[in-house]
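Here is the structure we will look at, set down as structure tokens.
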Amino acid sequence: MKTVTLTLTNSPELMLEGQNITPDNFAGKKAAEIAALDVWEGKQKSPLGKYFTVEGDGAATAEETKIVLRGDCTRVKRIGQQMTAGEIVIEGNADMYIGGWMKGGKIHVKGDVDSFCGIGMEGGELVVDGNAKSHLGSSPRGEWRGMQGGLIRVAGSVANDTATFINGGTIVIGGDADIHVSTHGEGGTVIIKGNAKGRVGGQMVKGDIYVYGTIENPLPGFQMVGEVEQEVDGETARFAHYIGDLGERHPVSKGKTVYANLYTRI
Amino acid sequence: MSELLIRNGFVFDPLQGIKGDRMDIGVKDGKIVEPGTLKNAKTIDAAGMTVMAGGVDIHSHVVGPKVNVGRLFRPEDKLFKSPYKSPTCSRMEMGSSVPSTFKTGYDYARMGYVFVNEAAMPPLHSPHVHEEIRDTPIIDNAAMPVFGNNWFTLEYLKNNEIENNAAYTAWLLRATRGFGIKVVNPGGSEAWGWGLNCVNIHDPVPYFDITPAEIVKGLIETNEFLGLPHSVHLHCNNLGNPGNYVDTIESLKLAEGYAPKNDFGREQVLHLTHLQFHSYGGDSWGNFESRAKDVMDYVNAHDNLTFDMGQVTLDETTTMTADGPFEHHLCSLNHLKWANVDVELETAAGVVPYIYSPKVKVCTIQWAVGLELALFSKDMMRTFITTDHPNAGPFTRYPQVITWLMSRAARDETMKTFKWLDKTIDATSIDSIDRELDLYEIAQMTRAGPAKALGISNTYGGLAPGMDADIAVYALNPENMPSDPTDIEKAFSRCAWLVKDGIVTVRDGEVIAEPAKRTVWVDVKVPENAQVQRDIYEHFLRHYSVKLDNYSLFDEHLHNPRVIEVDTTQ
């Protein structure tokens, strides 16, 4: 594993579009070549080296390449977008679209992230030690094929529209979630270890949601069918089991109607 | 005084019967001339290349409100899907199945096309259609207003008042600067206003009490009464359903006994559009099968019909049609997003995304049906290549369709990707067809034939002196065709040269000039008709949301018109 360290020494005035900061783009490049990659600040294109000092060369492949970002990346967007392998560690905060359309590899953000992180995710792992804003693991605008696979783990809380159109994969939220969780979901799992505000599982067809705390405004389209004991994220607990959204169409598989499951801890 | 000489290419011009002869084509002041008359011409060396007239697309949804709904409600159609950045064009080129106006114009030009007929214009929204025509660069456009569900038309035809319907049609063509009579699901889109459909051609329209069959026959009579350049352009009832070939053949039979009457060289009285969607057998999706042979047996035996394919290209695309009930039906099948609109007294429309997947049996059978129609055809001057863009696939896939038609190997290669290959072969005849079309037949299907059917073959679709100097040169040597079919596709995707109106527009697949584009429309002179004038006045007073004064297209919406005049008063 070879490590490329980017240190933000010259902060951008506007947001920086950093979609070139991926192990895939860094692999096979020397530090000087990496510093010459394009980034956009507003409508202006500049080399990465204008904002970051680059230390270390990329490995031959993305799998063998690790990127460490230091400095305040609060205004750097799209780090790790469409990455397929390798590792990125962001030592502080980062902006929007971190790990968007990610296919593989791992991103670890030690601070907070903004909205749209992990959208359209197909695989890999996105770990955020702080909080995330809206549209975490959601589908891109207009798209009905949301998160397909992979794991998103946010230690803190998230804002609204988490996991819209989720199709697969897992999202674990350590804190609370605002409104709209797994709207239109057709698969996948969302685990909220804190409380949820409301509209949890609206128009959901398939998939699972676990809420450890309370749901302030539960939807009337979910009906309680019993109590179950389940192992979730490594610990076993008892849950009230609801099915829904009963206002939505539901496919029939092997003679049985498939519903989305909502579990709240008791 | 610009002169151009395209030297030594293999020329294919079916309108003159030229089959790949090595010839020079002369151009002077935007028109084709005898090469001998040129004095100081710039030369394009086309040696070893194929020379055809600029392409003519008879049926494509490229401008207007429903196309724009597709653009608006499919942002995901742009994301990562239009990465091509032209080194020569600075306008925004985005979108895949519903491209931006600029991308539409540029991509057609890159494929060597110069004329595109917008397949359905809602009359009330003609200003929008014409504004987008203005914004679509290079290609000349015409647009056909829809008549098959129009209250005026339904009332006149119910009372068998052909002359009044003709006067109304002439008025509407002028009001919308339209090109011809388009009919979409006759009666069915009007019935959709009641939440119903016309399930076959003898199922009467609610309230109006007229059948689709009567509408189609009445419109054919109207069209030939007026002597319009193009014939009635029909999207049959019961589109896309198993077993609909029965309704299709019944619709085709409506043209029996009618002969074309026009001064434009058109020989058909009925054009069947996207016939692929109308040639299905079976009675459910389980036993869905091709009936292309039955439909083509009928078409081959009747000279007064033309059709275009509506070939499924196995892509993710966006369906959009004035067939409102069909789009609702489609949405309930695929559960994707759906837009629908009713256009007052005139028509309806719907938009739904659709994925034609090689993993889905119905889709691969649809793919085979389209190709079978063309490969069973005995007259390529009556058989045209379309994908009903974007309904069965984007127009940018025409080169792939051409390759499938020209190469059995290319078809086999595609069939290898089918999940249900055996079932597809069982339900179709595609595997038993070895026919491979040649470049002359492709020229018939993409230029000469459509131009003739549209009644514009004195200007477009050929290379005779006096015609517009629209010339496409493809890097294909007919004496040494590439062994790899993908090279055919490449050559047709990016033409080596396109000359439009005598101006070199594309070179090596890149747009290098934007000659002035035109709007082609048909102005019909009819005798004064007081009853129709009064009917129009009354309907606008009672039923329309706009005033009559604001309805007709204002001249400032009309971009660079080319008027085709028809005089019925003589």
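The table that follows gives values for the structure above.
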read-out: Scan of region B:62-85 for residues that are within 17 Å of B:Val511 (Cβ to Cβ) and either acidic (Asp, Glu) or touching a Lys or Arg at 6+ places or on another chain (Cβ under 9 Å) (or both), ordered by number; value: B:Ser82, B:Tyr84
read-out: When residues of region B:313-339 are limited to those that are of a type in the set (A, V, I, L, M, F, W, C) and buried (at least 19 other Cβ atoms within 10 Å of the Cβ), the one nearest to B:Ile365 (Cα to Cα); value: B:Leu314
read-out: Residue among B:Ser377, B:Ser357 that alone is of a type outside the set (A, V, I, L, M) and either closer than 20 Å to B:Glu436 by Cα or touching a His at 6+ places or on another chain (Cβ under 9 Å) (or both); value: B:Ser377
read-out: Any chance B:Val62 is under 26 Å from B:Val341 (Cα atoms), within 13 Å of chain A (Cβ to nearest Cβ), modelled with pLDDT of 90 or more and outside any helix (DSSP H, G or I); value: no
read-out: Of the criteria (1) farther than 28 Å from A:Gly149 by Cβ; (2) in contact (Cβ under 8 Å) with a residue 24 or more places away in the chain, which one A:Leu69 fails; value: (1)
read-out: Close pairs (6 angstrom Cβ cut-off, 6 or more residues apart or separate chains): under 17 Å from B:Ala142 (Cβ atoms) and modelled with pLDDT of 95 or more in region B:500-521, of a type in the set (Lys, Arg) and surrounded by fewer than 18 Cβ atoms within 10 Å (Cβ to Cβ) anywhere; value: B:Arg518/B:Arg562; B:Val520/B:Arg562
read-out: Only one of B:Gly243, B:Gly227, B:Gly257 that is farther than 18 Å from B:Glu190 by Cβ and free of Cβ contacts under 8 Å to residues at least 12 places away in the same chain; value: B:Gly257
read-out: Residues of region A:198-236 that turn out to be small (Gly, Ala, Ser), in a strand (DSSP E or B) and surrounded by 15 or more Cβ atoms within 10 Å (Cβ to Cβ), as a count; value: 2
read-out: Matching residues in region B:263-300 - criterion: being within 24 Å of B:Gly227 (Cα to Cα) and aliphatic (A, V, I, L, M); value: B:Val269, B:Leu270, B:Leu272, B:Val299
read-out: Region A:139-170, residues that are of a type in the set (A, V, I, L, M, F, W, C), crowded, with 20+ Cβ neighbours inside 10 Å and over 12 Å from A:Ile119 (Cα atoms); value: A:Val154, A:Val158
read-out: Wholly enclosed strands (runs of 3 or more DSSP E) of region B:288-343 bearing at least 3 residues within 14 Å of chain A (Cβ to nearest Cβ); value: none
read-out: Checklist (1) over 31 Å from the mean Cα position of the chain (by Cα); (2) crowded, with 19+ Cβ neighbours inside 10 Å applied to B:Asp13, failing item; value: (1)
read-out: Residue in region A:9-25 that is without any contact (Cβ under 8 Å) to a residue 40 or more places away in the chain and either within 26 Å of A:Pro140 (Cβ to Cβ) or of a type in the set (Lys, Arg) (or both) present; value: yes
read-out: Those residues of region A:171-186 which are in contact with a strand residue (DSSP E or B) (Cβ under 6 Å, 6 or more places away or on another chain) and either crowded, with 24+ Cβ neighbours inside 10 Å or within 14 Å of another protein chain (Cβ to nearest Cβ) (or both), in sequence order; value: A:Ile171, A:Ile173, A:Ala177, A:Val181, A:Ser182, A:Gly185, A:Glu186
read-out: Output for region B:486-495, where each listed residue is of a type outside the set (Phe, Trp, Tyr) and crowded, with 20+ Cβ neighbours inside 10 Å; value: B:Ile488, B:Glu489, B:Ala491, B:Ser493, B:Cys495
read-out: Candidates B:Pro482, B:Pro465 - the one that is without any contact (Cβ under 8 Å) to a residue 60 or more places away in the chain and not assigned by TED's automatic domain parsing to the domain that holds B:Phe307; value: B:Pro482
read-out: Tally of residues being at positive phi and within 14 Å of chain B (Cβ to nearest Cβ) across region A:112-134; value: 2
read-out: Residue tally, condition part of a loop (DSSP other than H, G, I, E, B) and of a type in the set (A, V, I, L, M, F, W, C), over region B:517-538; value: 1
read-out: Positions within region B:468-516 being part of a loop (DSSP other than H, G, I, E, B), over 16 Å from B:Asp107 (Cβ atoms) and in contact with a helix residue (DSSP H, G or I) (Cβ under 7 Å, 6 or more places away or on another chain), in sequence order; value: B:Ala475, B:Leu476, B:Pro478, B:Pro482
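The values are calculated or read from the model by the stated rules, or taken from the named source; none is laboratory data. Only a predicted model underlies this, so the values are computations on that prediction, with no experimental measurement involved. Positions of Cβ are backbone-derived with ideal geometry, glycine not excepted, and every protein chain shown enters the neighbour counts.
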